[in-house]
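Notes for the one structure printed next.
Computed from the coordinates by the stated procedures, all read-outs in this text should not be read as laboratory data. Because the structure is a prediction, the values reported are computed rather than measured. Cβ atoms come from the backbone with ideal geometry, glycine included; neighbour counts cover every protein chain shown.
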Amino acid sequence: MLEGRLGLETARIPHADRHGLLWLERGKLTVEAGNLTFTTAGTDSLDRGSYQIPFQGISNILLGPGCTVSHDTLRLLARHSTGLIVVGAGGVRHYASMPFGPDRSELARKQVRLWADEPLRLDVARKMYEIRLGEKPPRNDIESLRGIEGVRMKEIYRQLARQYGIEWHGRRYDRTNPEKDDLVNTAINHASTAVRAAAMISVAATATVPQLGFIHETAGCAFALDIADLFRATITLPVAFQSTKLHQNRNWENIERTTRREAGRILQRDGTIAKMIDNIKEVLNVDDSRGDT
């Protein structure tokens, strides 16, 4: 197999030697005199002004709300294999991505090999449950693993309800009439959507295949759902119960907006997308130190 054409592969900085993610919001991403420039009116994390972006040393730029991007920018990023992922505030939505990601296909090829072999697929599922449970589960089929997780999640729901003083009657969701849900169940749905979007960003950044899940099977973003579930107990549910409590204290704000903003704050504060990328490499057992991704 050919490494690349006309030496272009070796002319680029390998992704293993680049910084991972650069977040940009509320500004214009353009090319000026051959340099990638971001001009912003100012945000909480970046003062007003124009900044040159060292895009050759970045794997992916996450472009948030209030941004515009020029055609020249897309051309320049494509030439240097720097990804551009369009996201919501705090990474709570995944809108679009330029499919460049890593400069090698090791992660995607490993994912396909593991997914296509049923015993290996179960091994990956067990690894995911090990991360979620904090201990190695017994060697059982996927349905048994789901049952073990289900019992644990019920206890987490009860603990969080006690912690935040929220009345809890169980997890339920009527897809035909979502307005029937109580406040905390609605918040769980919105928090799940936000964390799933972060997982989609991590899948796009690693150029893995979103459709090939190891626990989830039929969804078009099955692998992203697998990765999102690794954070269900530590981010999704705490965000939902915290947002419900916040909403009770300031019910003038829509519960979806409250949950989305709280999720975005936690995702950025904890560097969740970077952790998700590490989890993808961990469950696929790919050594990033060799520069394969």
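Rank the residues Ser243, Ser105 as a footprinting-exposure proxy: fewest other Cβ atoms within 10 Å of their Cβ go first. Numbers along the way, then the final one.
Details: Ser243 28, Ser105 16.
Ordered by Cβ neighbours within 10 Å, fewest first: Ser105, Ser243.
Between Ala41 and Asn285, 0.36 nm times their residue separation minus their Cα-Cα distance comes to what? It would help to have the intermediate numbers written out before the result.
Numbers: separation 244, 0.36 × 244 = 87.84 nm, distance 4.25 nm.
Gain in length upon complete extension: 83.6 nm.
Considering Cα pairs under 8 angstrom that are at least six residues apart, work out the relative contact order of the chain and quote it in whole percent. Intermediate results must be reported in sequence, preceding the final value.
Numbers: 473 pairs, mean separation 57.5, N = 293.
About 20 percent, as a whole number.
Where a ≥ b ≥ c are the square roots of the eigenvalues of the C-alpha gyration tensor, would you call the range 8-87 rounded, which needs a/c under 1.5, or, failing that, prolate if a/b is larger than b/c, or oblate? Present the calculation step by step, with values, prior to reporting the outcome.
Details: a/c = 1.95, a/b = 1.59, b/c = 1.23.
Prolate, since a/c reaches 1.5 and a/b exceeds b/c.
Scan (i) 32; (ii) 12; (iii) 25 for the value of percent of Cα pairs over 35 Å apart calculated from this model and give just the label.
Of the labelled values, this structure produces (iii).
Neighbouring Cβ atoms within 10 Å as the yardstick, rank Arg265, Arg75 fewest first.
On the way: Arg265 14, Arg75 10.
Arranged by neighbour count, lowest to highest, Arg265, Arg75 become Arg75, Arg265.
To the nearest 20 Debye, how big is the dipole of the range 106-290 about its Cα centre, given +1 on the beta carbon of each Lys and Arg and -1 on that of each Asp and Glu? Each step should come with its number before you reach the end.
On the way: 30 positive and 26 negative charges, 75 e Å.
Dipole size: approximately 360 debye.
If I take every Cα pair under 8 Å that is 6 or more residues apart in the range 8-87, average their sequence separation and divide by the length, what percent do I get for the relative contact order?
Numbers: 143 pairs, mean separation 27.1, N = 80.
Normalised by residue count, the contact order of the range 8-87 is 34 percent.
Okay, helix-only estimate at 222 nm for the chain: each DSSP H run of n ≥ 4 adds -39500 (n - 2.57), divide by all residues, round to 500 deg cm²/dmol; what do you get? Let's see the in-between values first.
Values: 10 runs with 135 residues, N = 293.
Mean residue ellipticity, 222 nm, calculated: -14500 deg cm²/dmol.
Choose one of Met128, Leu212, Ile142: the residue whose Cα lies farthest towards the positive end of the charge dipole of the range 106-290 (beta-carbon charges +1 Lys, Arg; -1 Asp, Glu; about the Cα centre).
Going by the Cα projections, it comes out as Met128.
Student exercise: in the chain, how many lysine pairs 8 or more apart or on different chains have Cα atoms under 23 Å apart?
The result is 14.
When Leu29, Leu225 are ordered from fewest to most other Cβ atoms inside 10 Å of their Cβ, what list results?
Values: Leu29 24, Leu225 20.
Sorted ascending by nearby Cβ count, the order is Leu225, Leu29.
Rounded, prolate or oblate: which one fits the range 22-162, using the alpha carbon gyration tensor with axes a ≥ b ≥ c (rounded when a/c is under 1.5, else prolate when a/b beats b/c, else oblate)? Before the final figure, lay out the partial values.
Numbers: a/c = 4.03, a/b = 1.84, b/c = 2.19.
Cα axes put the range 22-162 in the oblate bin.
Please state, rounded to one decimal and in Å, the Kirkwood hydrodynamic radius that the range 188-287 gives when every pair of distinct Cα atoms enters the mean of 1/r.
Values: mean 1/r = 0.0722 Å⁻¹.
When all Cα pairs of the range 188-287 are included, the Kirkwood radius is 13.9 Å.
Considering the dipole of the chain built from charges on the beta carbon (Lys and Arg +1, Asp and Glu -1) around the Cα centre, which of Val203, Ile58, Thr236 is farthest to its positive end?
Farthest along the dipole direction, towards plus: Thr236.
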